[in-house]
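What follows is a set of notes on a single structure, which appears directly below.
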Amino acid sequence: MRVLASAPAKIILFGEHSVVYGKPAIAAAIDLRTYVWAEFNKNGRIRIEAKDIKIPGLTVSFSESEIYFETDYGKAAEVLSYVREAINLVMEEAGQKKGVTVSITSQIPVGAGLGSSAAVAVATIGAVSKLLGLELTKEEVAKLGHKTELLVQGASSGIDPTVSAIGGFLYYEKGTFEELPAIELPIVVGYTGSSGSTKELVAKVRRSFEEMPDIITPILNSMGRIVEKAKEVILADYDKEIKFQLLGQLMNINHGLLDALGVSTKSLSDLVYASREAGALGAKITGAGGGGCMYALAPGKQSEVATAIKIAGGTPMITKISREGLRIEDVTQ
Ligand code: MEV
């Protein structure tokens, strides 16, 4: 028997990092997916085949007579540790230890702040639990995804695996979530091409918090208020133009506060400012930062903003919100 499961990437619209401190956040699943096949094997071991996990940063160097290729094996090992912990947790839950081969292909760039690790964990949990005959709800998969992140990263709010398992547009707070009404958000995602480590960035914010709690606490509190305000705006009965205007303003403030926490980079800020100059109403980092992606809200200006992102050295991606979270694609005998 073989099982194929897939899970989507996400963007955090508001509240990354402060969500780790129990504040709310708003995030949406997007239409890039990770696919995981799971099947039993005869040698009794766990085998992971990473067919394509979109690790950025292949470096090529030349000498007189040779070409050297280097890739970021550290990043690949980090992704695979999410897979390994996810498999172990499912086997514990099922009370079975069996030889399983898991093969992964992904459309989500690693370390881009789009939740590639959570998507790979959620798809792995979905595929392996189905293979072992364990019927888990999407909420249970999200909880195991959160445990996986805690084991690998040490700290995690659980927002990424929750959005990836459930899909759609969610308001998330301390492990619970509420679905928000689908609103068409004319956004452009800009990828810097470099990657950040969520684990290291979360630890960096933690260090600042411990060193200067009186300075960092009000920043985190403001971020929490921004999320509540954004939710009010999304649910309010305003014209679309007013909603976009207010959300854009909140995005810009949220970006400034993330910069104050030290998770922006020059390339992220270049893409943010280029988007605003090209007419975006708001632009901010999405996800952990330290490289990765930003997004811009650009009603009527999506192609201008996409061009500005390209000129500023990034890769624009026009994405749609994905209503579908974890999907068991196919079960074959
Ligand atoms: C990463 O996508 C979001 C962070 O807030 C970490 C987390 O919530 O676990 C930086």
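Measure off, as a whole percent, the carbon and sulfur share of the 1.4 Å-probe accessible area of the chain, all protein chains present. Accessible surface attributable to carbon and sulfur in the chain totals 52 percent.
Computed over the chain, relative contact order equals 27 percent, with contacts defined as Cα pairs under 8 Å that lie 6+ residues apart. Close amide H partners of residue 35, meaning residues 5 or more places away or on another chain with modelled amide H under 5 Å apart, are 105, 106, 107. Taking the average, over residues, of other Cβ atoms within 10 Å as the packing measure, peptides 184-192, 156-164, 41-49 rank 156-164, 184-192, 41-49 from highest down. If the chain linking residue 310 and residue 47 were pulled fully straight, counting 0.36 nm for each residue of separation and taking away their Cα-Cα distance, it would gain 90.8 nm.
Scaled to the globular estimate 2.2 N^0.38 Å, the Cα spread of the chain, given as radius of gyration, is 0.99. Computed 3J(HN,Hα) for segment 160-173, one whole-Hz value per residue from the Karplus formula 6.51 cos²θ - 1.76 cosθ + 1.60 where θ = phi - 60°, is 5, x, 5, 5, 5, 6, 8, x, x, 10, 10, 9, 10, 8, glycine and proline marked x.
With a simple spin-label model that places each label point 7 Å from the Cα along the Cα-to-Cβ direction, the separation between residue 67 and residue 174 comes to 5.6 nm.
Annotation: amide H of residue 292 within the under-5 Å range of 192, 193, 194, 195, 196, sequence separation 5 or more or interchain, hydrogens built in the peptide plane. Label-to-label distance for residue 134 and residue 203 is 2.8 nm, based on points extended 7 Å past Cα in the beta-carbon direction.
For the chain, the longest principal axis of the C-alpha atoms and the axis of helix 266-277 are separated by about 50°. Here the Karplus relation 6.51 cos²θ - 1.76 cosθ + 1.60, evaluated at θ = phi - 60°, turns the backbone of segment 243-253 into coupling constants of 4, 4, 4, 5, 5, x, 4, 5, 4, 5, 5 Hz, with x for every Gly and Pro. Taking a straight Cα-Cα cut-off under 14 Å and skipping sequence neighbours fewer than 8 places away in the same chain, the aspartates and glutamates within cross-link reach of residue 240 are 184, 232. Going through the cross-link list 147/229; 97/130; 23/231; 51/199; 204/231; 138/231, which pairs have a Cα-Cα distance over 19 Å in this structure? Correct reply: 147/229; 51/199; 204/231; 138/231. The HN-Hα couplings worked out from phi for segment 30-38 by the Karplus form 6.51 cos²θ - 1.76 cosθ + 1.60 (θ = phi - 60°) are 10, 8, 10, 10, 10, 10, 10, 9, 10 Hz, whole numbers, x standing for Gly and Pro. When the chain is treated as a Gaussian network with alpha carbon springs shorter than 10 Å, the biggest mean-square fluctuation among 273, 172, 295 belongs to 273.
Between the Cα long axis of helix 116-131 and the first principal axis of the chain there is an angle of about 30°, rounded to the nearest 10. Per residue, the chain exposes 44 Å² of solvent-accessible protein surface, assessed with a 1.4 angstrom probe and all protein chains in place.
Could you tell me how many cubic angstrom of Cα convex hull volume segment 186-320 has per residue?
Considering the Cα atoms of segment 186-320, their hull volume per residue is 99 Å³.
A simple packing score, the average count of other Cβ atoms within 10 Å per residue, orders the peptides 217-229, 113-125 as 113-125, 217-229, with the highest score first. On alpha carbon coordinates alone, what is the Rg over Rh value for segment 221-270, Rh being the Kirkwood radius? That ratio is 1.06, to two decimals. Below 19 Å, Cα to Cα, which aspartates and glutamates can residue 266 reach? Residues fewer than 8 away in the same chain don't count. Straight-line reach from residue 266, under 19 Å: 16, 200, 277.
The values are calculated or read from the model by the stated rules, or taken from the named source; none is laboratory data. Worth saying up front: this structure is predicted, and the values here are computed from it rather than measured. When we count neighbours, we look across all protein chains shown, and the Cβ atoms used for this are built from the backbone with ideal geometry, even at glycine. SASA here: full protein model, heavy atoms, side chains in, ligands and nucleic acids out. Shrake-Rupley method; radii C 1.70, N 1.55, O 1.52, S 1.80 Å.
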